[in-house]
1. Based on what the data block shows, is Val257 in a strand (DSSP E or B), modelled with pLDDT of 85 or more and within 18 Å of Val174 (Cβ to Cβ)?
2. Identify, by number, the condition in (1) surrounded by 10 or more Cβ atoms within 10 Å (Cβ to Cβ); (2) at pLDDT 90 or above that Ala408 doesn't meet.
3. Quick check: anything in the stretch 71-81 closer than 30 Å to Lys236 by Cα, small (Gly, Ala, Ser), in contact (Cβ under 8 Å) with a residue 24 or more places away in the chain and part of a strand (DSSP E or B)?
4. Taking Val294 as the residue in question, decide whether it is surrounded by 10 or more Cβ atoms within 10 Å (Cβ to Cβ) and either touching a His at 6+ places or on another chain (Cβ under 9 Å) or assigned to a strand (DSSP E or B) (or both).
5. Which residue out of Arg323, Arg379 is surrounded by 10 or more Cβ atoms within 10 Å (Cβ to Cβ), within 30 Å of Glu118 (Cβ to Cβ) and in contact (Cβ under 8 Å) with a residue 60 or more places away in the chain?
6. Looking at the structure I just gave you, is Val192 under 60 Å from the mean Cα position of the chain (by Cα), among the hydrophobic types (A, V, I, L, M, F, W, C) and part of a strand (DSSP E or B)?
Amino acid sequence: MTVSSREMRMSWSLAIGLTLATATTGSASCGHKCRHMKMHSACGSCATTACSAVAATYQETTYETVTDTISEQVPTTQMQTRYRTEYRTETIPISRTVSELVPMTKMETRYRTEYKTEQVPTTRLVPEQVPTTKTQTRYRTEYKTENYTVQRPTTVTVQVPRTVTDMVPTTETVNQPRYSTVMKQVRQTLQVDQPYAEQKPITTTREVIEYVDVPATTTASGQMGVMASPQQVPGKRAVTRTLSETKLVPMTSYRKVPVEVVNQVPEQKVDYVPTTVTRMVPQQRTEMVPATKVEFVAEVATRQVPVLVPETYTTTVMVSQMRSITELTTRQVPVQLSEQVPVTVMTPQTRQVADTITRQVPISIAEQVPVTVMTTQTRQMTRQVPVTRTIPMPATSTVAPGVPAFGAVAGSPQT
């Protein structure tokens, strides 16, 4: 375990206190009937040697060896292998394909067009005018008198009843609403943010380096029967430990506080007031009014109506007719002739070419680098711890073996 400076100071205080203290032993005594505490001898008051033995105890202090395991952070230098990348230039042979155009002669068939003259019989239609006698019908217009009925409008004045509405004033009393606004007080409870100060704990952690006393040698001595504790020659050692500190920091917080507010709220009020009102009331009456009326009267009229009269007559007309005529026609007829012509064309060909290229090749190089790391090491430290026990002593006149006589002082153990 890790020993702190506070624990080491307590251990040294306890060792010094036990060195200066003496070992206390129990005394064997008996209790007389007169309640005098005497040794095993005659009591002068009661003049008797008879005593009733009572239970007696004595304290025994021994030292036990305690081994503490201390863990320390020790810097250690280690060799680590690190790799770095370097680039090396190398030339490698490659084979690439090159495409090129090569002239080649080949025979190509071409076609040419020639025109040949030939006689071809052709039939064509020729229009001609031929006189033809036809019978035709034509119409002439004649007018015929006829009678028809006509509705003629006539204006007539007649008496027509008409309903007239007159507005007559009438007085009556009605309740009319009167509106007014009254301000009314309304109490409301609002939640208001109220700031207040409070102390909040905040824990911070920091590392502290302390120098702890470490014992180097241990000696023991005993004089005049006084028990001495182990003496240690202190040394200094740096110990790193973590401290957690909690501080109260004043902070401002907010809480909801109810606040009562009185507001003026407008309220509509309606009052009905009797009021004299003059209204116009409609009244209907019927009266006779002269009106002009249009009436239609039937009359007989005469008119001239056109009539188409057909008549037939004979006439000679020229009619167009088509007549076919066959004749010889000279025309040019195209003829396709083929011929072989040598043609030089460029033909692509590929060939293999040997070449070299240069490229950068990465190479990983290992190197040893010293690195200082903190290593945890443990060591054993032995210290003497005093242990005091209370041992009951038998109620006899003889002293128990191994128990010092009354008034004697036990010596300290030799380490």
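1. Spelling it out, it is not the case that Val257 is in a strand (DSSP E or B), modelled with pLDDT of 85 or more and within 18 Å of Val174 (Cβ to Cβ).
2. (2)
3. The answer is yes; a qualifying residue exists.
4. No.
5. Arg323
6. Judged against the criteria, Val192 is a match.
Table: residues versus (1) at pLDDT 85 or above; (2) under 30 Å from Glu172 (Cβ atoms).
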position: Thr240; (1), (2): no, no
position: Thr252; (1), (2): yes, no
position: Pro266; (1), (2): yes, no
position: Gln284; (1), (2): yes, yes
position: Thr312; (1), (2): yes, no
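The values are calculated or read from the model by the stated rules, or taken from the named source; none is laboratory data. On a predicted model such as this, the values are computed, not experimentally measured, just so you know. When we count neighbours, we look across all protein chains shown, and the Cβ atoms used for this are built from the backbone with ideal geometry, even at glycine.
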